[in-house]
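Okay, structure first, notes after.
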Amino acid sequence: MNVKLDASWKERLESEFEKPYFESLTDFVKKEYAGSLVYPPGTLIFNALDLCAFENVKVVILGQDPYHGPNQAHGLCFSVRDGVPFPPSLRNIFKEIKADIGSEIPVSGDLTRWSEQGVLLLNATLTVRANEAGSHQNKGWEIFTDKIIELLNASHHHLVFILWGAYAQKKGAIIDRARHLVLESVHPSPLSAARGFFGNHHFSLTNQYLTKHQKSPIIW
């Protein structure tokens, strides 16, 4: 699968790779890729970590599953490849950004540009079978991504954690609120966005906090 992973993360996660749960997860994932259509492409499983080195993280946005439709998932939560129509949640994210800070809705839904500025776009589960949402949940990915949150929480100061929806909020329960800023609201999904996602001002609040702590703001 030729998985790519930035050295800063490889060093910190090496001990996880040797644990029984991760060996079991690896076996499962390899069999899935060999026998089924699975997203994202194997080389991009760790794309969120590869694009955003450990020491460069300023903001963490937590998602749940990769997109499970054709050509959508590329290892960054909520992001889609160039030329792919915006899924409803991403469309609502861009609407809130425009309302919050005035940025025009972009042509591309590829959020690599955020990753390169220090936004870790982390799904709780890093792989999924085509057209089967949640098909790779409870196989070990959640333990692995909990470890990533734990490392960031303990090693950094003044990160912004953005938690949309009950799932992300539960996963972020370990975050030290005295050490970091935690922003929570309902999920940007059309099912819930009108009940508190729109108007949450998370993008301007993030930049205010980063600026206050001598970090460069994100160009959303």
Residues that are over 16 Å from residue 87 (Cα atoms), out of contact with any Ser or Thr (no Cβ under 6 Å at 6 or more places or on another chain) and either surrounded by 14 or more Cβ atoms within 10 Å (Cβ to Cβ) or among the hydroxyl-bearing types (Ser, Thr, Tyr) (or both), drawn from the stretch 184-201:
184, 185, 198, 201
Cβ-Cβ under 8 Å, sequence separation 6+ or interchain: first residue in the stretch 181-198 and over 30 Å from residue 213 (Cα atoms), partner small (Gly, Ala, Ser) and surrounded by 14 or more Cβ atoms within 10 Å (Cβ to Cβ). Which pairs?
189/89; 189/165; 190/89; 192/165
Condition check: of a type in the set (Gly, Ala, Ser), in contact with a Lys or Arg (Cβ under 8 Å, 6 or more places away or on another chain) and farther than 24 Å from residue 164 by Cβ. Does residue 36 satisfy that?
yes
The stretch 50-92 - residue that is aromatic (Phe, Trp, Tyr) and open to solvent by 20 Å² or more (accessible area, probe 1.4 Å) and, of those, farthest from residue 5 (Cα to Cα):
86
Taking residue 125 as meeting all but one of (1) part of a helix (DSSP H, G or I); (2) among the polar types (S, T, N, Q); (3) closer than 17 Å to residue 75 by Cβ, write down the number of the exception.
(1)
Condition test on residue 172, is it assigned to a loop (DSSP other than H, G, I, E, B), out of contact with any His (no Cβ under 6 Å at 6 or more places or on another chain) and either open to solvent by 20 Å² or more (accessible area, probe 1.4 Å) or at pLDDT 95 or above (or both)?
no
Is the stretch 25-33 home to any residue that is more than 20 Å from the chain's Cα centre (by Cα), loosely packed, with under 14 Cβ neighbours inside 10 Å, over 19 Å from residue 131 (Cβ atoms) and among the basic types (Lys, Arg)?
yes
Just to check your reading of the model, which residue among 183, 152 is over 18 Å from residue 67 (Cα atoms), in a strand (DSSP E or B) and out of contact with any Gly (no Cβ under 8 Å at 6 or more places or on another chain)?
183
Filter result for residue 142 (open to solvent by 10 Å² or more (accessible area, probe 1.4 Å), assigned to a strand (DSSP E or B) and of a type in the set (Asp, Glu))
no
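The values are calculated or read from the model by the stated rules, or taken from the named source; none is laboratory data. Note that the coordinates shown come from a computational prediction; the quantities given were computed from them, not determined experimentally. No Cβ is skipped: glycine too gets one built from the backbone with ideal geometry, and neighbour counts run over all protein chains shown. Keep in mind that these areas ignore ligands, DNA and RNA; they rest on the heavy atoms of the full protein, side chains included. Shrake-Rupley method; radii C 1.70, N 1.55, O 1.52, S 1.80 Å.
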